[in-house]
Amino acid sequence: MRKPIIAGNWKMHKTVREAIELVNGLKRNFFDEMEIDIVVCPPYTALSEVGEIIQDSQIRLGAQDMHWEERGAFTGEISPLMLKDLGVEYVIIGHSERRQFFGETNETVNKKVKSALKHKLIPIVCVGETLVERERGDTFSVVREHIENALVGVVIEKPRDLVVAYEPVWAIGTGVNATPEQAEEVQGYIRELLMNLFGEEIAEGIRIQYGGSVRPDNIEELINEKNIDGALVGGASLDLNSFTEIIRRVETAIRKH
Ligand code: 13P
């Protein structure tokens, strides 16, 4: 069985003080060894402080994006070396908000994924269709294009080197999550695509998260699906109680298996 991975994408939320408060709460709630990987992705400004707090815990540190170069004249950007320096282990790449508002393309996603892997950062590669694309019947072709172009020429040594997040754009921040059946249908397809790229053994072990309006009341039915190996949580990860509850429910669900 694949070890579930629950990540909180805080997006552009939390001052340093607020971030410290939230992560201290999380740390208090998760002191036991658990069969779940927990990742928090604060804004860059809080990475250092959050990283120090979780150093001696099982919570891992993630960033929300990065540039592919190690250094250079790229005003406003952050490099993989800078992230490594702060103890970052995961990096979200190709989030739909980056694609929609900041000109991210499959080509830049591909460069970032390769750079992340080279620097031993685990990319969380986001893919997913918009509502218009779904209604047009293009969900599978869009997801295929995202996966194949984002991962062209990518070599991984082991399944844990890469995480994929299926985030249908119409489910992000809308309160309308994909049904477990809808998510599983696409995530099963993503696993087939990963098999073509990396072979069966590696593809079987790659974790595929679902993201889009994940809450305590819907996580259990989602995580019970075969190809849903965790969640990338936005809004509900900003609140200590709801993020804690999501993790607890995943724990309960896997104990039942
Ligand atoms: P919400 O959970 O707020 O819908 O956001 C999902 C997301 O974009 C996580 O990356």
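Bear in mind that the values in this text are calculations on the coordinates, not laboratory data. Computed from a prediction, not measured in an experiment: that's the story for all the values here. Here the Cβ positions follow ideal geometry from the backbone for every residue, glycine too, while neighbour counts run over all protein chains shown.
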TODO: Would you check if Lys112 is of a type outside the set (Val, Ile, Thr) and within 16 Å of the chain's Cα centre (by Cα)?
DONE: yes
Task: Among (1) away from the ligand (no atom under 16 Å from the Cβ); (2) of a type in the set (Val, Ile, Thr); (3) in contact (Cβ under 8 Å) with a residue 12 or more places away in the chain - the single one Val176 does not satisfy - done: (1)
Open item on the list: Looking at Ile124, Ile54, can you tell me which residue is away from the ligand (no atom under 16 Å from the Cβ), touching a Leu at 6+ places or on another chain (Cβ under 7 Å) and either among the hydrophobic types (A, V, I, L, M, F, W, C) or free of Cβ contacts under 8 Å to residues at least 12 places away in the same chain (or both)?
Closed with: Ile54
TODO: Would you mind telling me which numbered condition in (1) touching a helix residue (DSSP H, G or I) at 6+ places or on another chain (Cβ under 8 Å); (2) within 20 Å of Leu193 (Cβ to Cβ); (3) surrounded by 14 or more Cβ atoms within 10 Å (Cβ to Cβ) Ser115 fails?
DONE: (2)
Task: Residue list for region 161-190, filter: surrounded by fewer than 19 Cβ atoms within 10 Å (Cβ to Cβ) and within 13 Å of Glu225 (Cα to Cα) - done: Thr179, Pro180, Glu181, Gln182, Glu185, Gly188
Open item on the list: I need a count of the residues in region 141-169 that are within 15 Å of the ligand (Cβ to nearest atom) and touching an Asp or Glu at 6+ places or on another chain (Cβ under 8 Å).
Closed with: 2
TODO: Return a yes/no flag: does region 23-45 have any residue that is on the phi > 0 side of the Ramachandran plot and within 16 Å of the ligand (Cβ to nearest atom).
DONE: no
TODO: Could you tell me whether region 196-208 includes any residue that is over 24 Å from Lys120 (Cβ atoms), touching an Asp or Glu at 6+ places or on another chain (Cβ under 7 Å) and either more than 15 Å from the ligand (Cβ to nearest atom) or without any contact (Cβ under 8 Å) to a residue 24 or more places away in the chain (or both)?
DONE: no
- [ ] Among the candidates Glu184, Glu192, Glu225, single out the residue that is without any contact (Cβ under 8 Å) to a residue 12 or more places away in the chain, within 19 Å of Val143 (Cβ to Cβ) and acidic (Asp, Glu).
- [x] Glu192
- [ ] Kindly indicate whether any position in region 191-199 is of a type in the set (Gly, Ala, Ser) and farther than 20 Å from Ile36 by Cβ.
- [x] yes
Task: Residue in region 66-111 that is farthest from Ala150 (Cα to Cα), counting only those that are without any contact (Cβ under 8 Å) to a residue 60 or more places away in the chain, assigned to a helix (DSSP H, G or I) and within 16 Å of the ligand (Cβ to nearest atom) - done: Phe101
- [ ] Would you tally the residues in region 1-41 being part of a loop (DSSP other than H, G, I, E, B) and buried (at least 21 other Cβ atoms within 10 Å of the Cβ)?
- [x] 2
Task: Positions within region 7-26 being touching a helix residue (DSSP H, G or I) at 6+ places or on another chain (Cβ under 7 Å) and either of a type in the set (Phe, Trp, Tyr) or without any contact (Cβ under 8 Å) to a residue 40 or more places away in the chain (or both), in sequence order - done: Trp10, Val16, Ala19, Ile20, Val23, Asn24
TODO: Please enumerate the residues belonging to region 112-136 that are more than 14 Å from Leu151 (Cβ to Cβ) and in a helix (DSSP H, G or I).
DONE: Lys118, Leu131, Val132, Glu133, Arg134, Glu135
